[in-house]
1. For the pair residue 129 and residue 21, how long in nm is the line joining their label points, each one 7 Å along Cα→Cβ?
2. Order the peptides 26-32, 48-54 from the highest to the lowest mean number of other Cβ atoms within 10 Å of their residues.
3. Beta carbons within 10 angstrom, averaged per residue: use that to sort the peptides 36-46, 109-119, highest first.
4. Only sites in a loop by DSSP and with at most 14 other Cβ atoms within 10 Å count here; which GluC sites (Glu not before Pro) in the range 1-69 make the cut?
5. Rg and Dmax of the range 92-144 over Cα atoms: what are they, in angstrom?
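Just so it is clear, none of the values below were taken in a lab; they were calculated from the coordinates. Just so it is clear, the model here is predicted, and its values are computed rather than measured. When we count neighbours, we look across all protein chains shown, and the Cβ atoms used for this are built from the backbone with ideal geometry, even at glycine.
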Amino acid sequence: SRKIYDISSADEVNRLGKEVKTNLKRGDIYLCKITVVNPKPYYNAVIVDPIPSSVEIMNTAFATEKGSLGEYETKRGSGDYWWYYSNPVIEYRDDMVIITENYLSPGMHEYTYLIRPITKGDAGMPSSTAKLMYEPEIFGRTGNRIINVK
């Protein structure tokens with residue numbers, strides 16, 4: 001699943017802020033959360049999340065972006081053995097976010113990144129996909145929708 005949260009409305013009850021369905025405000029910062037649920041262990045997973053043409057991805061590693069917002073982004077795991085906490089490789093591209101995982105343990109996995117709307121108007125938000133590189137018959141997809149930037 002994919003959800004968008006307005007982090008400016010975050011409080012003690014809603015830690016991530018209120019969920020936004022369609023209307024985004026130009027210049028504000030939003031959190032995108034991708035959730036993947038798998039019933040058994042999987043290897044070599046790829047999650048592709050295309051972004052609408054009216055938004056840009058914020059990379060808090062850059063000095064020009066707000067470093068204090070880095071707490072919202074997905075962090076790398078740590079553990080004694082490689083299969084406990086595999087480190088996701090997250091690529092920020094102009095039009096999508098690509099997340100690769102060597103190992104997904106059974107359960108729910110959440111990945112987050114920040115976006116900022118830059119252009120007013122309607123834009124399509126294509127489906128996110130999760131699939132296994134070497135087992136194409138195992139995959140999942142979210143729905144697509146139209147978002148409006150005001």
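1. Inter-label distance under the simple model: 2.8 nm.
2. Highest-to-lowest ranking by the protection proxy: 48-54, 26-32.
3. Descending packing order for the listed peptides: 109-119, 36-46.
4. In loop regions of the range 1-69 (DSSP not H, G, I, E or B), the sparsely surrounded GluC sites (Glu not before Pro) are 12.
5. When restricted to the Cα atoms of the range 92-144, Rg and Dmax are 13.9, 40 Å.
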